[in-house]
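First comes the structure, then the notes that go with it.
The values are calculated or read from the model by the stated rules, or taken from the named source; none is laboratory data. Treat the numbers as computed from the prediction; the structure is a model and nothing was measured. Every residue, glycine as well, gets a Cβ built from its backbone with ideal geometry; the counts of neighbours run over all protein chains shown.
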Amino acid sequence: MSTVVADIEREHLRDDLPEFRPGDTVIVNVRIKEGEKERIQAYEGVVLRKRGGGTRASFTVRKVSYGTGVERIFPLHSTAIASIKVKTEGRARRARLYFLRALKGKAAKQMIKKR
């Protein structure tokens, strides 16, 4: 990668975000703009994967809402993310936890141990 692109990317990297890994339960506070108002909405779930590097990095969070699994992909260095808080740290033995999609309830929780 050219040094010009690397310098521009370095300016846009956020350093206020905590370290987290797949298997961790996180609370992502997202800025949502509705008309002229702006509010913050919390999205809590398990990190299924992290991918990419630099400003292109993203992560996927899965939660179960009213019995339906919902996954959302967040750009890691987005300005729409107000904050990320690690609620519990999980110890997953894989980097991609797609198998959690097929598991429900206690079975899904048992697959991810506490660190």
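Of all the residues in region 67-80, those that are without any contact (Cβ under 8 Å) to a residue 40 or more places away in the chain and of a type in the set (A, V, I, L, M) number 2. Assess whether Val64 counts as being out of contact with any strand residue (DSSP E or B) (no Cβ under 7 Å at 6 or more places or on another chain) and part of a strand (DSSP E or B). Yes, satisfied. Of all the criteria given as (1) in a helix (DSSP H, G or I); (2) at pLDDT 95 or above, the one not satisfied by Glu11 is (2). A search for C-beta distances below 6 Å between a residue of region 90-103 that is assigned to a loop (DSSP other than H, G, I, E, B) and any residue that is modelled with pLDDT of 90 or more and not polar (S, T, N, Q), counting only pairs 6+ apart in sequence or on different chains, returns Ala92/Pro22; Ala92/Gly23; Ala95/Pro22; Arg96/Arg49; Leu97/Pro22; Leu97/Leu48. Cβ separations smaller than 6 Å between residues 6+ apart or across chains give the following pairs from region 1-13 residues that are within 19 Å of Ser58 (Cα to Cα) to residues that are of a type in the set (S, T, N, Q): Glu9/Thr55; His12/Thr55. Among the residues that make up region 45-66, is at least one of them out of contact with any helix residue (DSSP H, G or I) (no Cβ under 9 Å at 6 or more places or on another chain), on the phi < 0 side of the Ramachandran plot, crowded, with 16+ Cβ neighbours inside 10 Å and in contact (Cβ under 8 Å) with a residue 60 or more places away in the chain? Checking region 45-66: not a single residue is out of contact with any helix residue (DSSP H, G or I) (no Cβ under 9 Å at 6 or more places or on another chain), on the phi < 0 side of the Ramachandran plot, crowded, with 16+ Cβ neighbours inside 10 Å and in contact (Cβ under 8 Å) with a residue 60 or more places away in the chain. When restricted to residues that are more than 30 Å from Gln110 (Cβ to Cβ), under 18 Å from the mean Cα position of the chain (by Cα) and of a type outside the set (D, E, K, R), region 13-43 contains 3.
Of all residues in region 57-101 being of a type in the set (Lys, Arg) and modelled with pLDDT of 90 or more, which is farthest from Asp7 (Cα to Cα)?
Top of the filtered list is Lys63.
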